[in-house]
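Q: Got a structure for you, written out below as structure tokens; questions coming shortly.
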Amino acid sequence: MPLTLPADAVARAEALGIQARAIVEGLRIGDHRSPYRGFSVEFVQHREYVPGDDLRHIDWKVYGRNERYTIKQYQQETNFVGRLVVDVSKSMEYGEGQQNKLAYAKMLAATLSYVIINQGDACSLDLFDETWRQRIPPSSQPAQIRSILLALEAVEPADKTTLAPLLHELADSTKRRGLFFLISDCFDEPAALLQALQHLRYQGHEVTLLHVLHPDEMAFPFEGHIRFDGLEDATRYLTRPHLLRSAYRRAFQAYQEELRMGCEAQQVDYVLADTSQPLAGLVSQWLSRRLRMRRM
Amino acid sequence: MSFLSPAWFTTALIGLAAISLPIIIHYLFRSRYRVVPWAAMQFLKKSLEETTRRIQFRELLLLLLRIALLLLLAFALMRPSSKQKQGDTNSPVDAVFIIDTSASMAIAEKAGTRLEQAKQAAMKILDSLPSQSTIHILQTGQHVIDLGPASPTNRDQARFIIQKLEQSNEAVHLLPALQQAVEVLGRGALANKEVYLFSDMQRSDWNLDSADLQNSWATLQQLGEVILVQTQHEAQPANAALVNLRPQVALPLPGERVPFLVEVRNTSATTLQGLTVTLRGSDAERDSDTQAVPPLKPGETAPLTLTTRLDKRGKNVVTAELQGDQLAIDNRLDAIVETRDRLNVLIIDGQPNEADPAQSASYFLAHALRSSRGQSLLESTQAVELNVVAASDAYPAQLTDVQACFLIGLGTSPTSKLSNEFVDRLATFVQNGGGLVVFAGGTLAEMGLDRLASSAGNIKGTSLLPANWGTPLTALPSAPLTFDINSIPTGSFLSIFRHPPLDRLGQTETTQGRALTEIQNDTLVALRFSNGEPALALRTEGTGCVIMLALHGDMRGTDAPLRPGYLPWVQAMIGQMLSQQAGKKNIIAGDIYTWSPPIDQAQQRFSLLVPGNSNPQLLGTPTMYQQSPRLSTSSTSKAGIYRIVPEGTQAEETGQDTGQVDLFAVVPDPIETASLATLTPDELAERFSQKPVQLSTDSLANEGLDRSRVQHEWTPRLWWLILVLCLGELIFGWWCNREV
């Protein structure tokens, strides 16, 4: 039974669409700018004819004016490959019901994959924790949606997060420039993660970090005597959390600020996905902002 | 240190065990926790590393605070006391109540007079004493009166005694009371002893015998617990006191109007206005005289002259009353004034000169005594029988029926020495109430008076003279000695010379005389020279008195006989001698009164009628002393006119003078109201080496006796400390529970 897509989120995402802000490399003609000059409908420039060029592309009007063979070049429109990289480590297991981080990440990934494929672009899915748990190669076929949904449905958290090495590997292995959607709580070393994101950016990819966080992790609202059992390891701390709330918040905000500033420096789109916020709202806000930035 | 709780040891063990309570509670709470699976462990770990030490330090402090609180609680329940006690808190005590009934205790405060406050406080304390305690009540004034009760454990008797306590006009002498308390406590059989002193703690009372007082207090503090109960007092009352009532003439004549010197002193701290003084004589209606007192500054004394008629021959009652101040206890002075219609004076002249009487030593003195006119007896030649005798011709029989004897110009030549027989008779003369005035001359041996200075013929075995003659007194004519008028003590027989116009006596110039040395303890130096040397010394012996003067009686080395004040001065001396004879009819509250009834009444039983008390007080029969009957009483605590009457006669019921009645007047002790300032608790505590427990009648009336204070129990202070620590624990606990 595949994952059920959230109707309102999908509806809003479809209406806004996912547009590549940078130049992407596609395999077929699509809606997105391609780095390859071709012979499409949108004129880009003239250049002098060199032997070997197709005579069909000679602009005879220019020849009529200055008796020089000039080739007319056009911007080639292409489709993009949206790569969904989803964290399925044990740390994503925190939260109850719809505020569960993994569930939220799955719904977010499903929504994005549907919108991408539905607008004719290709989409891939990479699930990871310490290693790659499952990888679905890019495809723009409608059947890809089902594959992705099934994979998301089936996956269960198992191990701790090790994000940076996997992103480096991904950057090295992905030749075509495309869109990366990293959905994770990023409970890893921020410096290593930012370095990995820089690697992806260096490869020319457009990267969006969807930082999935539960409100408890930000506010730390606990009272009384509580024993905190680590989800990814066997660490346990018995404490009175209200005594260290301020210190916790300071540490967490410092980490979050480092991550956000690092993303800004790398021109990585940082999106805080608060699981207490409805998914539809998050998607519409994010995509609206993305659309506005593309037009600028 | 001791513990008053009977189960203090068990409490201590429980307290020690209770130390573990906060630790147990701490771990109990730690064992009851909720488990939360958590993802963001690295941030939790970081915040824990940052805060754990601070939290642990705070929790340690809080734990120590709570342990301290529990220990203090256990300590408070053990009821610690700083004093070593025998037995527990309910052990009986030997209690001595010393109650001050002096004149200052009559001052009315909001809560009643000070004595009423003291009585109420005594009742409260009496009720709070542990059962089987013994009680001893001492009333203190000039003397201490052991009031009992007869059965020391009988509280009803003690209550009755306290209720019946009455105000006196005496000054307080604490020392006898303390010595009595030491004796009573020494007799007590119980292990715990307490002494309560109920007083207004008047400053002047505590200055008397201060070193001895402190020693007595120290002894009492060693014997038991000393508790001072101070009456509540507000501002000092605006008080003026009548300090002197004395006839201005030496010998008042019966049926004549006699001028009296009345002195009013402001003893308060504010200027007093609107005071009036009324003098009443034989007929209170007809003979009264009222005069307004000029405004009196603090400490100022105003002399007033008021007149009244003395009808009776013999003893007359004269009463002066002051109106217009806030304290009534010292507003009345009674005096017994004796009128005479004849006076026998003997002058022994050491330098007689029949050829030229003006060269006699007694010339000016005799003229002064003979000078006449006026209303007084002294100024009536018919009334004065003057006998001037040369020293060599003096013999004992000449002293018969003589009231005053002057020795003048003695010791200047071999013939001016008195015979031993005469001197021996002179001693008897003085002891029987005669007045003797000795002017300067030679030495005592040269005068023949050295027998008076020895024990010969003296009932006390000591000198009858107030002083001895020293070296001759000399001063240059250019810098003669004068009298220091300010040296005259207030209330003395010369006090009239402190005020104009008689203060001109101070201008008397003296260049020769003989110094007065070896002044005896009971001698009054009534006048001094400007250089501070004594000029006139007076000593009383029974009803007689001896006056010694440091100047000659004639014109040798002094111009006194020519001064206008000479005659009044001589009159004053005679007046003093005669009043002394009448005198000892006027005593100060608390003094012992002695009366010699006629020999035919030696077997008669007598009663004393005390003013304001209709019940006669039995005095019994006189005791024989040197073949003369004597009756003494010390029940003179209240001011007024006292009567000694034969028991079982009508006079006992009516107090009327039937010829068998003796009268005497008791005046308030002026010391008591001379300064009404009281000691503050701090000043009081400073007078003790070991701080006594201090209570106030105010707190006793409102809250009763907190015996924990008496027993030096710390518990109330510990409870306060515990309360403060509890509040501190709450605040600190709240602060510890805040975010780090």
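Q: Need pairs with beta-carbon distance below 6 Å; first residue in contact (Cβ under 8 Å) with a residue 12 or more places away in the chain and within the range B:604-632, second part of a strand (DSSP E or B) and among the basic types (Lys, Arg); sequence gap 6+ or separate chains.
A: So the pair list comes out as B:609/B:643; B:622/B:630.
Q: Something else now. Please determine whether any residue of the range B:56-65 is aliphatic (A, V, I, L, M), surrounded by 15 or more Cβ atoms within 10 Å (Cβ to Cβ) and within 12 Å of another protein chain (Cβ to nearest Cβ).
A: No, the range B:56-65 contains no residue that is aliphatic (A, V, I, L, M), surrounded by 15 or more Cβ atoms within 10 Å (Cβ to Cβ) and within 12 Å of another protein chain (Cβ to nearest Cβ).
Q: List, please: which pairs have Cβ atoms under 7 Å, are six or more places apart or on different chains, and start with a residue in the range A:123-142 that is in contact (Cβ under 8 Å) with a residue 60 or more places away in the chain and at negative phi and end with one that is surrounded by 14 or more Cβ atoms within 10 Å (Cβ to Cβ) and of a type outside the set (D, E, K, R)?
A: Filtered contacts from the range A:123-142: A:140/A:79; A:140/A:117; A:140/A:120; A:140/A:122.
Q: Follow-up. Give the number of residues within the range A:217-238 that are assigned to a helix (DSSP H, G or I) and within 7 Å of chain B (Cβ to nearest Cβ).
A: Summing the residues that are assigned to a helix (DSSP H, G or I) and within 7 Å of chain B (Cβ to nearest Cβ) in the range A:217-238 gives 1.
Q: Considering every residue within the range A:239-255, establish whether at least one is polar (S, T, N, Q), within 30 Å of residue B:54 (Cβ to Cβ), within 8 Å of chain B (Cβ to nearest Cβ) and assigned to a strand (DSSP E or B).
A: yes
Q: Could we say that residue B:271 is out of contact with any Ser or Thr (no Cβ under 9 Å at 6 or more places or on another chain) and of a type in the set (Ser, Thr, Tyr) here?
A: When the stated conditions are applied, residue B:271 passes them.
Q: If you don't mind, another one. Mind listing whichever residues of the range A:256-283 are part of a helix (DSSP H, G or I), away from chain B (no Cβ under 14 Å) and within 18 Å of residue A:105 (Cβ to Cβ)?
A: Of everything in the range A:256-283, those that are part of a helix (DSSP H, G or I), away from chain B (no Cβ under 14 Å) and within 18 Å of residue A:105 (Cβ to Cβ) turn out to be A:263, A:279, A:280, A:281, A:282, A:283.
Q: Could I ask something else about it? Assuming residue B:47 fulfils every condition listed in (1) in contact with a Lys or Arg (Cβ under 8 Å, 6 or more places away or on another chain); (2) outside any loop (DSSP other than H, G, I, E, B); (3) more than 7 Å from chain A (Cβ to nearest Cβ) apart from one, which condition is it?
A: Just one mismatch for residue B:47, condition (3).
Q: Still on this model: Name every residue in the range B:147-165 that is at pLDDT 85 or above and within 30 Å of residue B:667 (Cβ to Cβ), in order of residue number.
A: B:147, B:161, B:162, B:163, B:164, B:165
Q: Still on this structure, I have one more. Might you check whether a residue that is away from chain A (no Cβ under 14 Å) and in a loop (DSSP other than H, G, I, E, B) occurs anywhere in the range B:68-75?
A: No, the range B:68-75 contains no residue that is away from chain A (no Cβ under 14 Å) and in a loop (DSSP other than H, G, I, E, B).
Q: Another question, if that's okay. Can you tell me which residue among B:115, B:70, B:60, B:64 is over 29 Å from residue B:162 (Cα atoms) and in contact (Cβ under 8 Å) with a residue 12 or more places away in the chain?
A: So the residue among B:115, B:70, B:60, B:64 that is over 29 Å from residue B:162 (Cα atoms) and in contact (Cβ under 8 Å) with a residue 12 or more places away in the chain is B:70.
Q: Sticking with this structure for a sec: Among A:192, A:143, A:196, A:154, which is within 30 Å of residue B:44 (Cα to Cα) and surrounded by fewer than 17 Cβ atoms within 10 Å (Cβ to Cβ)?
A: From the options A:192, A:143, A:196, A:154, the qualifying one is A:192.
Q: Out of the residues in the range B:167-201 that are of a type in the set (D, E, K, R) and under 17 Å from the mean Cα position of the chain (by Cα), state the one that is nearest to residue B:233 (Cα to Cα).
A: B:200
Q: Residue A:211: within 27 Å of residue A:114 (Cβ to Cβ), within 14 Å of chain B (Cβ to nearest Cβ) and either crowded, with 21+ Cβ neighbours inside 10 Å or in contact with a helix residue (DSSP H, G or I) (Cβ under 8 Å, 6 or more places away or on another chain) (or both), yes or no?
A: So residue A:211 fits the description; yes.
Q: Applying the selection to the range B:603-649, what residues are closer than 25 Å to residue B:331 by Cβ and of a type in the set (A, V, I, L, M)?
A: The answer is B:608, B:609, B:610, B:639, B:641.
Q: Looking at B:472, B:466, B:489, which is the one that is in a loop (DSSP other than H, G, I, E, B), touching a strand residue (DSSP E or B) at 6+ places or on another chain (Cβ under 9 Å) and within 19 Å of residue B:551 (Cβ to Cβ)?
A: B:466
Q: Of these, A:90, A:101, A:160, A:106, which one is in contact with a Phe, Trp or Tyr (Cβ under 6 Å, 6 or more places away or on another chain) and either surrounded by fewer than 23 Cβ atoms within 10 Å (Cβ to Cβ) or within 21 Å of residue A:272 (Cα to Cα) (or both)?
A: Selected residue: A:101, the only one of A:90, A:101, A:160, A:106 that is in contact with a Phe, Trp or Tyr (Cβ under 6 Å, 6 or more places away or on another chain) and either surrounded by fewer than 23 Cβ atoms within 10 Å (Cβ to Cβ) or within 21 Å of residue A:272 (Cα to Cα) (or both).
The values are calculated or read from the model by the stated rules, or taken from the named source; none is laboratory data. Just so we're clear, the structure is a prediction, and the values are computed from it rather than from any experiment. Every residue, glycine among them, receives a Cβ derived from its backbone with ideal geometry; neighbour counts consider all protein chains shown.
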